[in-house]
1. Quick check: is even one residue across the stretch 124-147 in contact (Cβ under 8 Å) with a residue 40 or more places away in the chain and under 30 Å from GLN19 (Cβ atoms)?
2. With respect to ALA118, determine if the residue is more than 14 Å from the ligand (Cβ to nearest atom) and surrounded by fewer than 20 Cβ atoms within 10 Å (Cβ to Cβ).
3. Can you find even one residue in the stretch 160-170 that is open to solvent by 70 Å² or more (accessible area, probe 1.4 Å), touching a His at 6+ places or on another chain (Cβ under 6 Å), touching a residue at least 24 places away in the same chain (Cβ under 8 Å) and among the charged types (D, E, K, R)?
4. List the number of the failed condition for LYS112; all other conditions in (1) within 23 Å of PHE174 (Cβ to Cβ); (2) within 15 Å of the ligand (Cβ to nearest atom); (3) surrounded by 15 or more Cβ atoms within 10 Å (Cβ to Cβ) hold.
5. Restricting attention to the stretch 63-82, report how many residues are closer than 21 Å to TRP137 by Cβ and open to solvent by less than 50 Å² (accessible area, probe 1.4 Å).
6. Can you tell which of ASP131, ASP87 is surrounded by 20 or more Cβ atoms within 10 Å (Cβ to Cβ) and more than 26 Å from PHE27 (Cα to Cα)?
7. For the stretch 1-106, give me every one of the strands (runs of 3 or more DSSP E) that falls completely inside it and has 2 or more residues that are within 16 Å of the ligand (Cβ to nearest atom), more than 23 Å from LEU218 (Cβ to Cβ) and basic (Lys, Arg).
8. Can you find a residue in the stretch 4-15 that is of a type in the set (Ser, Thr, Tyr), open to solvent by less than 80 Å² (accessible area, probe 1.4 Å) and over 23 Å from the mean Cα position of the chain (by Cα)?
Amino acid sequence: MSMDFTDQRLSYEKGALDQTSIPESPFELLNAWMSEAIEQSVQEPYAMSLATCGADNKPSVRIVLLREITATGIVFYTNYESAKGQDIAENPNAEALFFWHELERQIRISGKIAKIDATKSAAYFQKRPHDSQVGAWVSQPQSGEVANREVMEEKFAQLQADYPENLAVPTPEFWGGYEITVEKIEFWQGRANRMHDRLVYVQDNNEGASTWTTKRLLP
Ligand SMILES: Cc1cc2nc3c(=O)[nH]c(=O)nc-3n(C[C@H](O)[C@H](O)[C@H](O)COP(=O)(O)O)c2cc1C
């Protein structure tokens, strides 16, 4: 059975992006777009597709939750021994993507990924709900095969018994944050007739000071 979508099309008309009125720093625009997405009730606007590629040259993509925009990049949390963790250990180049249908906007962020400071990861881990903390221990190694759901449920119940609500769950060494240090960000605003606005910020290659060049790209 096949499906055909060639007659499905939407005209994007909700906004525009003008190179003359964008801020110098892409972080300012990123924060502004994120705030607008939250105000306009986009569901989980901080959910992003993360693309990585290990030494096998086969790209993988999956959703992770953006947890922080820093002065230099974007942070998410995961299992360091997962498939994505393996990819990142072999190749630090990655790209993250947000698509907000309600605003007809897409943002692509690329750069190098590195683990964040373990103390910062631990602070965030300890802030998570108790059962999510337990879940992180159950899902070790994340992306590894498990015989069936019962195996997971039993491990979860055992860990809940070992660590009741009043007992802190230790922060796993295999779990923590990664930061993608931004090298390039592209902001995409859908327009009518496929004449979309695409503005890209590329970090200038100068040590120390952070400056950016912006370009308009053909849609
Ligand atoms: C909405 C949503 C949010 C998710 N957030 C995370 C996350 O923050 N961290 C994470 O490790 N996995 C998250 N996942 C699960 C990942 O998509 C993925 O299944 C998991 O990390 C294993 O990926 P890997 O095998 O490529 O390492 C999320 C999935 C969805 C659908």
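1. The answer is no; no qualifying residue exists.
2. Answer is yes for this residue.
3. The answer is yes; a qualifying residue exists.
4. Just one mismatch for LYS112, condition (2).
5. 7
6. ASP87
7. Strands (runs of 3 or more DSSP E) meeting the threshold: 59-69.
8. Within the stretch 4-15, one or more residues are of a type in the set (Ser, Thr, Tyr), open to solvent by less than 80 Å² (accessible area, probe 1.4 Å) and over 23 Å from the mean Cα position of the chain (by Cα).
The values are calculated or read from the model by the stated rules, or taken from the named source; none is laboratory data. Here the structure is a predicted model, which is why all the values come from computation and not from measurement. Note that we place each Cβ from the backbone using ideal geometry, even for glycine, and neighbour counts take in every protein chain shown. Accessible surface areas use protein heavy atoms only, side chains included; no ligands, DNA or RNA. Shrake-Rupley method; radii C 1.70, N 1.55, O 1.52, S 1.80 Å.
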